[in-house]
1. Is there any pair linking a residue in the stretch 7-27 that is within 14 Å of residue 54 (Cβ to Cβ) and touching a residue at least 40 places away in the same chain (Cβ under 8 Å) to one that is aromatic (Phe, Trp, Tyr) and not in a loop (DSSP other than H, G, I, E, B), with Cβ under 6 Å and at least six apart or on different chains, and which?
2. Test each condition in (1) modelled with pLDDT of 70 or more; (2) surrounded by 11 or more Cβ atoms within 10 Å (Cβ to Cβ); (3) acidic (Asp, Glu) for residue 100 and report the one that comes out false.
3. Could you check how many residues of the stretch 65-80 are at pLDDT below 70 and loosely packed, with under 10 Cβ neighbours inside 10 Å?
4. Any idea how many residues of the stretch 10-28 are out of contact with any helix residue (DSSP H, G or I) (no Cβ under 6 Å at 6 or more places or on another chain) and at pLDDT 90 or above?
Amino acid sequence: MTTSFLLIVQIVLVVVLVIAVLLQKSSSIGLGAYSGSNESVFGAKGPNSFLAKTTFVIGFLFVANTIALGYMYSVSASESVVDNMIEKTNVVAPSAPTTEPVTVPVSNETAPTAPTTK
């Protein structure tokens, strides 16, 4: 349950982080041209400082969530599916078969040969 929630949060963080990066002003206009004039909303310096701070915070949350997801998956991966099946069914693995030396009888007679034709 927790891993599913963190995975959903991770996907949302990725989408928001991509949007925040694309909205920032760069040498090319990017998607900032579609946002309109929003300098009055973010203050006198414009959206650059606000978007930079927002991108930093979202990036930090993304990294923290990635570490949490990695830890959760590593804990759950410490048990294999086979181990879980053996515990549930209480099946004991078969022991290795014992090998005993096999004696082959040896006879002094020679084997008959096939007749040769000329």
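The values are calculated or read from the model by the stated rules, or taken from the named source; none is laboratory data. Please read these numbers as outputs of a predicted model, since none were measured by experiment. So basically every Cβ, Gly included, is an ideal-geometry build from the backbone, and we count neighbours across all protein chains shown.
1. Going by the 6 Å Cβ cut-off, the qualifying pairs are 13/62; 17/62.
2. (2)
3. Step one: filter the stretch 65-80 for residues at pLDDT below 70, giving 79-80.
Adding the requirement that they be loosely packed, with under 10 Cβ neighbours inside 10 Å leaves 80.
The qualifying residues number 1.
4. Count: 6.
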